[in-house]
1. Can you pull the three principal axis extents for the Cα set of the chain, in Å, largest first?
2. At 0.36 nm per residue, minus the direct Cα-Cα distance, what do VAL401 and THR100 gain on full extension? Give it in nm, one decimal, please.
3. With a 1.4 Å probe and every protein chain left in place, work out the accessible area per residue of the chain in Å², rounded to a whole number.
4. Roughly what % of Cα-Cα distances in the range 135-249 sit above 22 Å, to the whole percent?
5. Taking amide hydrogens as modeled 1.01 Å from N in the peptide plane, which residues meet the under 5 Å criterion relative to VAL17, leaving out close sequence neighbours?
6. Take the solvent-accessible surface of the protein heavy atoms, probe 1.4 Å, and return the percent of it on the chain that carbon and sulfur atoms account for.
7. Do you know the relative contact order of the chain, to the nearest whole percent, from alpha carbon pairs under 8 angstrom that are 6+ apart?
8. Enumerate the amide H contacts of ILE251 below 5 Å, restricted to partners 5 or more residues apart or on another chain; note that Pro and chain-start residues carry no placed amide H.
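The values are calculated or read from the model by the stated rules, or taken from the named source; none is laboratory data. Just so we're clear, the structure is a prediction, and the values are computed from it rather than from any experiment. Positions of Cβ are backbone-derived with ideal geometry, glycine not excepted, and every protein chain shown enters the neighbour counts. With ligands, DNA and RNA removed, areas are computed over all heavy atoms of the protein, side chains included. Shrake-Rupley method; radii C 1.70, N 1.55, O 1.52, S 1.80 Å.
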Amino acid sequence: MTTAQETTAQDDRTFVVVGASLAGAKAAETLREEGFTGRVVLVGEEPEPPYERPPLSKGYLLGSDERDTAFVHDRAWYDEQGIELRTGVRAESIDPAAHTVTLAGGERLGYDKLLLTTGSVVRRLEVPGADLEGVHYLRRVEHSDALRGALVEGARVVVVGGGWIGLEVAAAARTHGAAVTLAELDTLPLRRVLGDEVARVFADLHAEHGVDLRLGTGVREIVGTDGRVASVTLEDGSSVPADAVVIGVGITPAVELARAAGLAVDDGVLVDAALRTSDPDIHAAGDVANAENPLLGRRIRVEHWQNALDGGPAAARAMLGGDVVYDPVPYFFTDQYDLGMEYSGHVEPGGYERVVFRGDVASREFIAFWLADGRVLAGMNVNVWDVADDIGRIVRSGARVDPARLADPGVPLAEL
Ligand SMILES: Cc1cc2nc3c(=O)[nH]c(=O)nc-3n(C[C@H](O)[C@H](O)[C@H](O)COP(=O)(O)OP(=O)(O)OC[C@H]3O[C@@H](n4cnc5c(N)ncnc54)[C@H](O)[C@@H]3O)c2cc1C
């Protein structure tokens, strides 16, 4: 690992981070913590300082969290740390040979090391009427602001897509007293990620909270009146009246900059286990990085908060010359109504043999384990707390476990 002493001697270097995001902010923070005294520039196209996105579909959308609580740090912190935070400006191109980044407006920044934390952009729904007023997407704070105005008592809201964002928005909308219809192409929401057994828990949760689930059907058209959304026609021919439509059909990694610079890109920017791209002076972390994970023995692109939180610092250490092997057990969480859960591990769609439950599924207080070949690939704790680390350790160990002991609440997880 690079020490503070080593880096002091090199403080004429410039490290540029493109993407003033959670991963980007945490990387800049780590550079300073590790004693880097060179120039650090953090460039972001959004006007706000880096912020966390999970509240945008939860506490902030519900009106219980203030906007400021989402910021990773306030602006003054960046000044105190000598981090040049350049918000509201897009990085337009990278010249890897010249080691420069060109910003909108033409300014050129030289770099010794560059980190890409450009994250993701929402996938657009390509149907007639998708650009009508009243159609929402959710990625940025201003999207959440607009949505907050739409999720009001009595409003008729159609959510398109039963993924994490769609379900969290549906929960927020119901909590605000809106009537919610949710259309999902698959037979259950979240089926690809969780499989039938656990996806059903989420379908039941929403049905019990009054969400009208329209499963196995997509959207044919969004119909408007005077430029505003009025109804949604589903693939099954039914028409659902709507005051607002929220589209949550996934995201794609923001790779344009990397691709135009000639970096290797394939469903994200390809990086090794030290989060280094095909150019040794350019790293990538967070949603945009498709990283070799030695623990999983394969590449994975993770679109979750923890990976931004930990990946940024890992990349920063690698940029400083540290011997980094980033091999996390993937982790994410969600909150919907009174259900809170954490998921640790990774299962390919259909890539498990059985699910073992510990606890009471009906009352939504349980742990689910996905197994293949006698090993736990992933575990999800639902309304059961302080167990995610133990679950992560079980997944990391790769050891064969006795399903009966997994299912037995009397056996401490740490023993497994
Ligand atoms: C509404 C919502 C709720 C979520 N809830 C959860 C949750 O409950 N649990 C969970 O685990 N995860 C959740 N996530 C996912 C999590 O927020 C993301 O994984 C995380 O934000 C990824 O961080 P990042 O640092 O990779 O990039 P991002 O947060 O995507 O930020 C990238 C930034 O880079 C900027 N940028 C891109 N290109 C350029 C450029 N060329 N020049 C300058 N700037 C550029 C973008 O404008 C953006 O500000 C949620 C996401 C959303 C949108």
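1. Dimensions of the chain along the principal axes of its Cα atoms: 64, 62, 36 Å.
2. In short, 103.2 nm is gained.
3. 42 Å²
4. In whole percent, the share of Cα-Cα pairs in the range 135-249 beyond 22 Å is 27.
5. Close amide H contacts, sequence-distant or interchain: VAL41, LEU42, VAL43, LEU115.
6. Taking all protein chains in place, the chain shows 47 percent carbon and sulfur surface.
7. About 15 percent, as a whole number.
8. Sorted by chain and number, the residues that satisfy this are ARG123.
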